[in-house]
Amino acid sequence: MSNLKSILKDKIHEWRPRTKTLLEDYGNVVVDKVSVNQIIGGMRGIKCLVTDISYLDPKEGIRYRGYTLPEVFELLPKPKNSEMPYVEGLLHLLLTGDVPNESQVLDLVDEFSKRRILPRYVYEVIDAWPCCSHPMAMFSSAILAMARESFFAKKYKAGINKMDYWDPMYEDSLNLLAKLPEIGSYIYAKLYRDGKRIVGNPDLDFGANFAHMMGKQKPYDDVARMHFIIHADHESGNVSAHTAHLVGSSLSDVYLSTSAMINGLAGPLHGLANQEVLRWLQDLMDKMGGQIPTEDEMRQYVWDTLHSGQVIPGFGHAVLRKTDPRYMVQREFSLKHLTEDPIFKYVDLLYKVVPPILQEQGKAKNPWPNVDAQSGVIQWHYGVTEYDFYTVLFGIGRSIGILANLIWDRALLYPLERPKSVTTDMLEEMVGIREKNLTHDMPDE
Ligand code: HAX
């Protein structure tokens, strides 16, 4: 058993009694109530999920296992001559709650290296997509195709004790995660580089190998590490994380669950916002003919977008009520490496101009930038200008948290998710604007 897996096994054994006590001794304690607003309004803020991998405080931002992002970047071991930590170290932290030492991280680098080879048919699935397909659809299908590899599905079919579910989920998760950089970079090669694939280097870590397969030099390895780490997790209620949890709750394996989460991430109000920011800015760049807009010109462009009934991509958030710390990590990197980049100047100007406008408009609860306002600009600077691809990068990072959650979901025996729906008639009865119809008092399924 690998070092990480045996640490995880002990953690699971220690943790299980906590969940059991909560359920058996305090199962009826009420922790939240639900309003009509929340039922119709996308279940905002209802406390009805549990995860220990990360927590999102509206005023502070994300913490991974209790650590803020600056702490994560400070504490995790880094490869020599790198600004950013090993991605593998983050997986150790998310899975166990412990900051790994260098030797534990190197063990994991080695594990990933052994598991990274893609079956031939995955390339064929990607090759089979018609031209002009979106890379996120290709990414989702490539992951889905690998469901035939699932150890969990095989063990389940053979009859596995549910106390052991987490073990094949762990194996599947590491197998899948190790392959994602290969899948992502092949989609990139297929769509934008005439299918000219750069073969992976087993001696490199997750971030450096991805940079190598993308055909990029330093510091793109650090860009990749930073990108994957900041996108890894954002607690459980966001569309991608929740989708993986929901699908996994029916005991679908990690391939089915991760493919589903990629589909949720591909929406423009969620992960696709990073490509939308670049698309939206390019339109302005075309209008400006290479000039940097003045503050007044930028304000006008933002107002024009709002008046045409569209959102400003990269701004606002369903939970956060401050500038996203993931934005700040990338901004600090940009202030160090990208200050002279014209697109960074655009983004910098947006940071100044957009929040007061959204405040003046008075609709968005959070006028501040989110992670997506900054990530595409860094990619663009390092030559990844095909912005359709940006959400694939997000998806690789997000998979780290998704998979850590799925392993723990099975370890703690979280059940099938099944909230209850009501009809509009019933809601009207509940608020007293419609007479009660007794046939609605049906027993639950
Ligand atoms: N520009 C214009 N209007 C905005 C806005 C923005 N950036 N953000 C919110 N609003 C509007 C909403 O559309 C809503 O308007 P209506 O009442 O007319 O429907 C109103 O303000 C209230 O919305 P909210 O409660 O502040 O925000 P929500 O929780 O409903 O939605 C979103 C959160 C992130 C979807 C929203 O802020 C948005 O659309 N932002 C732009 C898209 C974006 O950047 N998405 C990425 C978010 C981060 C993420 O998940 N990354 O993956």
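The values are calculated or read from the model by the stated rules, or taken from the named source; none is laboratory data. In this text the structure is predicted, and so the values were computed from the model without any measurement. Heads up, the Cβs are rebuilt from the backbone with ideal geometry, glycines too, and the neighbour counts pull from every protein chain shown.
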Test: residue in the range 27-44 that is among the hydroxyl-bearing types (Ser, Thr, Tyr), away from the ligand (no atom under 16 Å from the Cβ) and either in contact with a Phe, Trp or Tyr (Cβ under 9 Å, 6 or more places away or on another chain) or modelled with pLDDT of 95 or more (or both): no
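Quick grid of which residues meet (1) away from the ligand (no atom under 14 Å from the Cβ); (2) out of contact with any helix residue (DSSP H, G or I) (no Cβ under 8 Å at 6 or more places or on another chain); (3) touching a residue at least 60 places away in the same chain (Cβ under 8 Å):
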site: Gln300; (1), (2), (3): yes, yes, no
site: Val329; (1), (2), (3): yes, no, yes
site: Val353; (1), (2), (3): no, no, no
site: Gly362; (1), (2), (3): no, yes, no
site: Glu386; (1), (2), (3): yes, no, yes
site: Phe394; (1), (2), (3): no, no, yes
site: Arg398; (1), (2), (3): no, no, yes
site: Ile402; (1), (2), (3): no, no, yes
Of the numbered conditions (1) more than 10 Å from the ligand (Cβ to nearest atom); (2) in a helix (DSSP H, G or I); (3) not basic (Lys, Arg), Thr323 fails exactly one; give the number of that condition. (2)
Go through (1) surrounded by fewer than 23 Cβ atoms within 10 Å (Cβ to Cβ); (2) more than 16 Å from the ligand (Cβ to nearest atom); (3) within 16 Å of the chain's Cα centre (by Cα) for Thr339 and report which single condition fails. (3)
Tell me which of these Ser185 doesn't satisfy, since it passes every other one: (1) within 22 Å of Thr385 (Cα to Cα); (2) surrounded by fewer than 22 Cβ atoms within 10 Å (Cβ to Cβ). (2)
Given (1) under 25 Å from Tyr55 (Cα atoms); (2) charged (D, E, K, R); (3) assigned to a helix (DSSP H, G or I), number of the condition Asp286 does not satisfy: (1)
I need the full set of residues from the range 223-257 which are in contact with a Lys or Arg (Cβ under 9 Å, 6 or more places away or on another chain), more than 16 Å from the ligand (Cβ to nearest atom) and part of a helix (DSSP H, G or I), in order please. Val223, Ala224, Arg225, Gly248, Tyr255
If you go through the range 211-219 one residue at a time, do you hit one that is charged (D, E, K, R), at pLDDT 95 or above and touching an Asp or Glu at 6+ places or on another chain (Cβ under 9 Å)? no
Only one residue in Ile343, Ile292 is in contact (Cβ under 8 Å) with a residue 40 or more places away in the chain, more than 24 Å from Asn238 (Cβ to Cβ) and touching a His at 6+ places or on another chain (Cβ under 8 Å), so which one is that? Ile343
Of all the residues that make up the range 303-320, how many are more than 9 Å from the ligand (Cβ to nearest atom) and either touching a helix residue (DSSP H, G or I) at 6+ places or on another chain (Cβ under 8 Å) or part of a helix (DSSP H, G or I) (or both)? 3
